[in-house]
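The values are calculated or read from the model by the stated rules, or taken from the named source; none is laboratory data. Remember, predicted model here, so these are calculated numbers, not experimental data. Here the Cβ positions follow ideal geometry from the backbone for every residue, glycine too, while neighbour counts run over all protein chains shown. For the accessible areas, the whole protein counts, side chains as well, though only heavy atoms, and no ligand, DNA or RNA atoms are used. Shrake-Rupley method; radii C 1.70, N 1.55, O 1.52, S 1.80 Å.
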Amino acid sequence: MTNSTEKIQAQGKYLRLSTEKTRRVLNQIKGKNYKEAILILEFMPYKPCKTIKKILESAGNRPLNSKYKKQNLIIKKAFADEGPKLKRFQPRAQGRAFRIQKPTCHITIDLAIN
């Protein structure tokens, strides 16, 4: 009997989300099965949930052509890395300018098949 666990990975890059806020949501779905994670993301009120749900669904659609079912998928890894920051300037009084940094992040989700 072979105990082979296949890995499925999906990534979202250069997303206009903060890494700290995204990690807070990803920590909630780590270790859960696919269906449970989708349900959790549907009802959480945070902005990154919509994007994370899209990435998770794209990862979940991969094994449809093979013999595996979605209820056998488990989220092994889910993490957010920092991307490049968009640098902008806000005009202020007396000719000054304040710097605004808009963060981006890269989200990676790894699924494993039981």
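What to note about this one:
- Relative contact order (%) - the chain, alpha-carbon pairs under 8 angstrom, separation at least six: 41 percent
- Paramagnetic label zone (point 7 Å from Cα along Cα-to-C-beta, Ile40; backbone N under 19 Å) in the stretch 90-114: 107-114
- Under 13 Å from Lys13, Cα to Cα: aspartates and glutamates that are on another chain or at least 8 residues apart: Asp81, Glu82
- Per atom type, the chain shows carbon and sulfur on 48% of its accessible surface, probed at 1.4 Å.
- Measuring only protein heavy atoms, the 1.4 Å probe finds Phe79 accessible over about 80 Å².
- One quarter of the surface of the convex hull around the alpha-carbon atoms of the stretch 70-111 equals 4.1 nm², the direction-averaged projected area.
- Shown here are the Rg and Dmax of the Cα trace of the chain, at 17.9, 75 Å.
- C-alpha long axis of helix 48-60 to longest principal axis of the chain, angle in °: 30 degrees
- Cross-link pairs Lys53/Lys85; Lys53/Lys87; Lys47/Lys77; Lys21/Lys70; Lys54/Lys77; Lys53/Lys76 - those with Cα-Cα distance over 18 Å: Lys53/Lys85; Lys53/Lys87; Lys47/Lys77; Lys21/Lys70
- Taking 0.36 nm per residue of separation and subtracting the current Cα-Cα distance, fully stretching the chain between Arg96 and Lys21 would add 23.9 nm.
- Area accessible to solvent at Glu82, 1.4 Å probe radius, in Å²: 110 Å²
- GNM flexibility winner over the chain from Arg23, Arg92, Arg62 (Cα, springs under 10 Å): Arg92
- Of the residues Ser18, Ser58, ranked by 1.4 Å probe accessible area with the largest first, the sequence reads Ser58, Ser18.
- Each stretch of four or more DSSP H residues adds -39500 (n - 2.57); spread over every residue of the chain, this sum gives -9000 deg cm²/dmol at 222 nm.
- Net charge, Lys13 excluded, C-beta distance under 14 Å - Lys, Arg +1, Asp, Glu -1: 0
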